[in-house]
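The values are calculated or read from the model by the stated rules, or taken from the named source; none is laboratory data. Computed from a predicted structure; not experimentally measured. Because the Cβ atoms are built from the backbone with ideal geometry, glycine has one as well, and the counts that use them run over all protein chains shown. Side chains are part of the model used for accessible areas, which takes the heavy atoms of the whole protein and leaves out ligands, DNA and RNA. Shrake-Rupley method; radii C 1.70, N 1.55, O 1.52, S 1.80 Å.
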Amino acid sequence: MAVLRKFARPMLASVFLSGGISTLRDPKRVASAAEHVAVPLSSRIPRLTEDPERLVRINGAVQVGAGVMLATGRVPRFAALALAGSLVPTTLAGHAWWKEEDPDRRAAQRTQFIKNLSLFGGLLIAAADTHGKPSLAHRGRTTATHGRAAAKSGATRGRSAVKSGAHRGRTAAKSGGRAARLAGRDAAGALSKAAGSVR
């Protein structure tokens, strides 16, 4: 799997590196398409600029930076999440196929939208990839399960030890009672013998 990751990550990152570099070189080319997404986005996120050209540059920079990180395997899970996040406004701004009137353009935009949706799914898989190691959630569940099993086993052993101790105590008490009765009879017999010899 390590070899597969080594080749698959750069392949997945390549489209973001290419698109991000292209956007950084010529942001005006896509800024007009981003305008109808930029204004609602900036109204919901404080301190985010309303300028579509700056937003497009920020998105392009995220795509290049996170693309390099994913391609080189540096914090790949975080990089995949960042790329997935950058893909949402890109897809909504650039491939809103439902707004197209022309059937050919509508079909082309739908294809691009579905392609981006597929990329989004691939990025989510990459973000969930733990390199074959158990995830934190799995480790937590396993630890909790082992803890419950150990506690249950300890409680069972404790109950069994208490039962065993109680049984030993009862047995000792019975044998102690018998020994005391026998010792009492022996002592009574010895006293009667002693009393008989004194007469």
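Can you compute 3J(HN,Hα) from phi for each residue in the range 74-89, using the Karplus curve 6.51 cos²θ - 1.76 cosθ + 1.60 with θ = phi - 60°, rounded to whole Hz and x for Gly and Pro?
Karplus-based 3J(HN,Hα) across the range 74-89 equals 8, 5, x, 5, 5, 4, 5, 5, 5, 5, 4, x, 6, 6, 5, x Hz.
Give the Rg (one decimal place) followed by the Dmax (whole number) of the range 31-92, computed from C-alpha coordinates and expressed in Å.
12.4, 35
Tell me, in nm to one decimal, what length is gained between Glu101 and Phe78 on full extension, where the rule is 0.36 nm per residue of separation less the Cα-Cα distance? Don't jump to the answer; show the numbers that get you there.
Values: separation 23, 0.36 × 23 = 8.28 nm, distance 3.81 nm.
Net length gain for the segment: 4.5 nm.
Excluding same-chain residues fewer than 8 positions from Lys99, which lysines have a Cα within less than 26 Å of its Cα?
Lys28, Lys115
Report the extension gain between Thr145 and Arg110 in nm, rounded to one decimal, defined as 0.36 nm multiplied by the number of residues separating them, less their alpha carbon distance.
Roughly 7.9 nm would be gained on extension.
Val3 to Leu24: FRET efficiency via 1/(1 + (r/R0)^6), r the Cβ-Cβ distance, R0 45 Å, to the nearest 0.05?
Efficiency, from the Cβ-Cβ distance: 0.90.
Just to verify a number: what accessible area does Val37 come out at with the full protein assembly present, 1.4 Å probe, Å² rounded to tens?
30
At each listed q (0.18, 0.30 Å⁻¹), what is the log10 of I(q)/I(0) that the Debye formula gives for the range 69-114 modelled as equal alpha-carbon point scatterers?
Log-scaled intensity ratios, in q order: -0.60, -0.95.
So what is the relative contact order of the range 21-136, in percent, for Cα pairs below 8 Å that sit 6 or more residues apart? Write out the running numbers ahead of the final one.
Numbers: 111 pairs, mean separation 27.1, N = 116.
Reported as a whole number, the value is 23 percent.
Mind listing the phi-derived Karplus ³J(HN,Hα) values for the range 12-19, rounded to whole Hz, using 6.51, -1.76 and 1.60 with θ = phi - 60°, and x for any glycine or proline?
Here the 3J(HN,Hα) series is 5, 6, 4, 5, 6, 4, 5, x Hz.
Taking only protein heavy atoms and a 1.4 Å probe, what accessible area per residue, in Å², does the range 64-124 have with all protein chains in place?
Averaged over the residues of the range 64-124, the accessible area is 55 Å².
So what's the range 1-150 giving for Cα Rg divided by 2.2 N^0.38 Å, two decimals?
Dividing the Cα Rg of the range 1-150 by 2.2 N^0.38 Å gives 1.27.
Kindly rank 88-97, 43-52 from highest to lowest mean number of other beta carbons found within 10 Å of each residue.
For the peptides 88-97, 43-52, the packing ranking is 88-97, 43-52.
How do Glu53, Glu35 rank by accessible surface area computed with a 1.4 Å probe, from largest to smallest?
Largest accessible area first, the list is Glu35, Glu53.
How would you order 71-79, 140-148 from highest to lowest mean count of nearby Cβ atoms within 10 Å?
71-79, 140-148
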